[in-house]
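Here the structure is laid out as structure tokens; the discussion comes afterwards.
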Amino acid sequence: MAKFIFSDTMKCNGCGICELICSWYKEGSFDPLLSRIKKTRLGLANIATACRFCEEPPCVVQCPTKALTQKDNGIIDVNKEKCDGCGWCVDVCPYGAINIHPDRFAIICDLCDNDPQCVNVCPTDALILVDQDELSNYINYDLIERDLGGDV
Amino acid sequence: MKNIILLMIDLGSGEKYTERLDEDYIAGYLGVKLLKDNVGKDVEPLSPENLLVITTSPFAGLPIPCSGGIGIYSKSPLSGYIGESYLFGTFGDRMARSNYDIIAVKGVSEKPVYLYIDDSSVSIIRADKLRGSSPWMTEKIIKESLNDPSVGVLSIGPAGEKSVKSSTIYSDLQYTRSGLGAVMGSKKLKAIAIRGSGGLKPKNPGKIMDLYKSLTNKIAEAYGGIDLINNLVNYNLPGHNFKKASVEEKKGFTSLIDQIQKYKLKKESFQQFPISFSTLYQVDGITTPVTLGGIAIGVLNGIYNADTIIKAEHLCYSLGIDPLSMAVVMSLANELKERKEPISSDIGWGKDKESLDFIKSIVNDDNIFANGVRYAADKFNAKDIAMHSKGIELSIDAFIDKDLAFNTAVSPSGAYFGSKDFAKSHIYNFLGIYPAVHDFYSDEYIYQLYTSITGDRDFDIGLLKTDVISIEREFNIQQGWNEEDDMLPSRIIDELFGDKDNFLSRRQDFYYFMKWNKDNE
Ligand code: SF4
């Protein structure tokens, strides 16, 4: 099973540095919208998520221009010539892990040639490489269901 | 440096315009200057003419650790002088990616509204449904209705809507001081949401990453493993209403810090903060940060039940009141009660339930304590027990440390944020650096960061300092400030400085050092 980048919700503090480093390394700009990893907040949990290299990736199957192909190692390859940035893949990705570049092509995590920059820089060591089966060990469901506040 | 773009919004007329300002300054300085040029002595803080000014940090949106905070400035309803606060996290990041460096709001809207700034477009949206909701609920509803969980939001609670003078503006678990929430409320402005989609391309990103690593390591070494609340046991905290703590009070306090550990849920951070500075606590279905403010409510009022302190802080957050101010106002009420003054509350030292009721009642009509400690003490002829600087209720910091107390006295806003080095912290606040980390930054770092961002090697922090350091003071002088305003309550002076003469001579030396004379020439 392919390993992908995920954040340990017990550790991630939501600082967003992973998004900044990713967009800079890949696109030369500090810009969360150009990041291949996305930090979100669910309830009280911070989660950073990237492409999970699914076994039957809906983005590849459903891309209307056939711009996406999956390599043997699971990584999704984007053919910039074919991709017109329609955003269909963004909608079908169950993990919200795809962004569209302003120059209109999909941007998807490729593990930086097996040297993921976000993992190197994460200040809390929250980012780890896991597969689908190991994932739930790192999700704190209790935090996700909570919110700030409450009644006195 | 890049050009600074001002967005001015008049909520009375609905008019909005933008203006390109002087390019040689940071937004914080230009924001306070805008206030100085537009808000004179005759302008009442809660009147339409007062401005609420929000400024961006030159370091926002970049991997520059524990920085990027926005500055919020206005004429304070508590002091009548400059009101200032700095909030960190998402709002500053999004603002740096929007088209605006300064957002200024004037006028009063006819109906409650919130502002939505989307890169360059600005909408004024009706907020009737948000009326009476807590700041965090307001944020949640706005994010849902904009269908965008990534927007940065500033919001006020019911206290701000009612212009309770110690109301706060809330964002990312932090709150403002200086009654800035009351100014926002007086404009019928419930919230500001901002979305910015611009990328930031500094001249030398590699160098910024190097500086990021070195600064982060230093900050992590000092703060990484520390629990800020737990750490308070190492300090000499005050007792009832800033009196020297008795042995009993010290015991109570230590037990409070001990107990509160049990309710800890998790540490929290903000955008651009590799190190966490907030901690969430939980009790009886309530989840809330506990800050120095909650602890102040405890020590100043003899409440040593962790359960009550968490609930008290949560109430302050929900209503949108400054817990540091609440702690002081409450202890004035307690001391008045002790003096048998006719106050309409069942409060008493160490009375848990009554203290929570006291907090809830702050939003009731005609509550004298809603006007702040200085006003309430005046009404009862009790100036001697009103613990404030320029009308801003004192933080317990001002008891723990002589330098912080002194800096609080001479701070133009009456609130102090930063290290022992006043001049340094003053400018670092304007640059949007988190007060707790000022000691880790240096002018050399600032120079390196600036030149890496702009490529301008002529940048001179010395030049910036001269202007930035006096602009808030110039604003105050225009409002009628005099030296007597740079003062502390005698309880603090006696405890920390021995007598008033010692304090005055230190103040004289300080003015000399800052090159501040009476006329501020
Ligand atoms: S850098 Fe690490 S701690 Fe920060 S948001 Fe990303 S995963 Fe979380």
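For the reader, a short list of remarks on this structure follows.
- Filter result (out of contact with any helix residue (DSSP H, G or I) (no Cβ under 8 Å at 6 or more places or on another chain), assigned to a helix (DSSP H, G or I) and open to solvent by 20 Å² or more (accessible area, probe 1.4 Å)) within the stretch B:92-136: B:ARG94, B:ALA96, B:ASP128
- Test: residue in the stretch B:425-433 that is open to solvent by less than 40 Å² (accessible area, probe 1.4 Å), among the small types (Gly, Ala, Ser), touching a residue at least 60 places away in the same chain (Cβ under 8 Å) and in a helix (DSSP H, G or I): no
- Among residues of the stretch A:122-152, those that are within 13 Å of the ligand (Cβ to nearest atom) and touching a Ser or Thr at 6+ places or on another chain (Cβ under 9 Å), counted: 7
- When the stretch A:16-62 is filtered for residues that are out of contact with any strand residue (DSSP E or B) (no Cβ under 6 Å at 6 or more places or on another chain), among the aliphatic types (A, V, I, L, M) and facing another protein chain (nearest Cβ under 8 Å), the ones remaining, listed by number, are A:ILE17, A:ILE21, A:LEU33, A:LEU34, A:LEU44.
- Selected residue (criterion: most open to solvent (accessible area, probe 1.4 Å)) from residues of the stretch A:51-74 that are in contact (Cβ under 8 Å) with a residue 60 or more places away in the chain and in contact with a Pro (Cβ under 9 Å, 6 or more places away or on another chain): A:ARG52
- Considered as a group, the residues in the stretch B:310-346 that are in a loop (DSSP other than H, G, I, E, B) and surrounded by 24 or more Cβ atoms within 10 Å (Cβ to Cβ) include one that is nearest to the other protein chains (Cβ to nearest Cβ), and that residue is B:GLY320.
- Qualifying helices (runs of 4 or more DSSP H) (wholly inside the stretch A:102-150; at least 1 residues being within 13 Å of another protein chain (Cβ to nearest Cβ)): A:117-121, A:141-144
- Close Cβ contacts (under 9 Å, 6 or more residues apart or on different chains) running from residues in the stretch B:11-30 that are without any contact (Cβ under 8 Å) to a residue 24 or more places away in the chain to residues that are part of a loop (DSSP other than H, G, I, E, B) comprise B:GLU15/B:GLY107; B:ARG20/B:ASN3; B:ASP22/B:ASN3; B:GLU23/B:MET1; B:GLU23/B:LYS2; B:GLU23/B:ASN3; B:ASP24/B:MET1.
- Any hit, the stretch B:236-243, residues being more than 22 Å from B:ASP93 (Cβ to Cβ), within 14 Å of another protein chain (Cβ to nearest Cβ) and exposed (fewer than 15 other Cβ atoms within 10 Å of the Cβ): no
- A:LEU20 vs. criteria of a type in the set (A, V, I, L, M) and either away from the ligand (no atom under 13 Å from the Cβ) or farther than 27 Å from B:ASN204 by Cβ (or both): no
- Odd one out for A:LEU33, checked against (1) touching a residue at least 40 places away in the same chain (Cβ under 8 Å); (2) in a loop (DSSP other than H, G, I, E, B); (3) open to solvent by 70 Å² or more (accessible area, probe 1.4 Å): (2)
- Residue in the stretch A:83-96 that is part of a loop (DSSP other than H, G, I, E, B), within 16 Å of the ligand (Cβ to nearest atom) and open to solvent by less than 60 Å² (accessible area, probe 1.4 Å) present: yes
- Pairs meeting the criteria (first residue in the stretch B:196-221 and touching a residue at least 60 places away in the same chain (Cβ under 8 Å) and at the interface with chain A (Cβ under 7 Å from one of its Cβ atoms), second residue open to solvent by 30 Å² or more (accessible area, probe 1.4 Å) and of a type outside the set (Ser, Thr, Tyr), beta carbons under 7 Å, at least 6 apart or on different chains) are B:SER197/A:LEU33; B:SER197/B:ASP119; B:PRO205/A:TRP24; B:THR216/A:PRO123.
Yes or no, residue by residue, for (1) among the small types (Gly, Ala, Ser); (2) touching a strand residue (DSSP E or B) at 6+ places or on another chain (Cβ under 9 Å); (3) farther than 29 Å from B:TYR441 by Cα:
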{"residue": "B:THR55", "(1), (2), (3)": "no, yes, no"}
{"residue": "B:GLY61", "(1), (2), (3)": "yes, yes, no"}
{"residue": "B:GLY71", "(1), (2), (3)": "yes, yes, no"}
{"residue": "B:PRO77", "(1), (2), (3)": "no, yes, yes"}
{"residue": "B:GLY83", "(1), (2), (3)": "yes, yes, no"}
{"residue": "B:VAL105", "(1), (2), (3)": "no, yes, yes"}
{"residue": "B:LYS111", "(1), (2), (3)": "no, yes, yes"}
{"residue": "B:GLU144", "(1), (2), (3)": "no, no, yes"}
{"residue": "B:VAL153", "(1), (2), (3)": "no, yes, no"}
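The values are calculated or read from the model by the stated rules, or taken from the named source; none is laboratory data. Quick caveat: nothing in here was measured; it's all calculated off a predicted structure. As a convention, Cβ positions derive from the backbone with ideal geometry for all residues, glycine included, and neighbour counts pool all protein chains shown. Surface areas here come from the heavy atoms of the whole protein model, side chains and all, with no ligands, DNA or RNA. Shrake-Rupley method; radii C 1.70, N 1.55, O 1.52, S 1.80 Å.
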